[in-house]
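Report on the structure given below.
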Amino acid sequence: MSNPWADFGRDEKVGADLWEEVDLPPWGGQSQPESYPAPQLPRGVRFVAGFASLLSAGTLVLGVILGLLMVLLPVLKPGTGFAVSIGPGWDRVVAHLGVGALGELGLFLARRRRSSGWGATAPTVTVALVVLGSVAGLLWWSWWR
């Protein structure tokens, strides 16, 4: 007994598989250019970049939380006993948001540059050290000054 589906997609006149002959562009429309493999960073550089990214993201989240509290606490203040608190101030909230957002943007651009095949170690270390210094300066200025 023969399989009725064995010759599905075959053109009897040409004798070729129709699915293999059609040369369609990829789903995105045009073909993507060949990308270079991302160079592997040394372990210490990856640790410093990861730690900087973690601190930058935490600073951004802290800025969002402080901003929400600055907006919502005046509404909640009469019933909570927060009448004497004045909060960190808008300058510190905006500084947290700015340092966190710029740190994440810098680290994103360093990762993107690394994946495009350009130099990897020096820009990543530079951006990570700038982010670490900025976060340390921000914490000193806003919390311990």
Exposure proxy check on Val135, Val48: fewest-to-most Cβ neighbours within 10 Å is Val48, Val135
For segment 99-106, take each phi angle, set θ = phi - 60°, evaluate the Karplus expression 6.51 cos²θ - 1.76 cosθ + 1.60, and give the result in whole Hz per residue in order, putting x for glycine and proline. 5, x, 5, 5, x, 5, 5, x
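Every read-out reported here was derived from the displayed coordinates using simple, explicitly stated rules and does not represent laboratory data. Bear in mind the structure is a predicted one, so any value in this text is a computation, not a measurement. Every residue, glycine among them, receives a Cβ derived from its backbone with ideal geometry; neighbour counts consider all protein chains shown.
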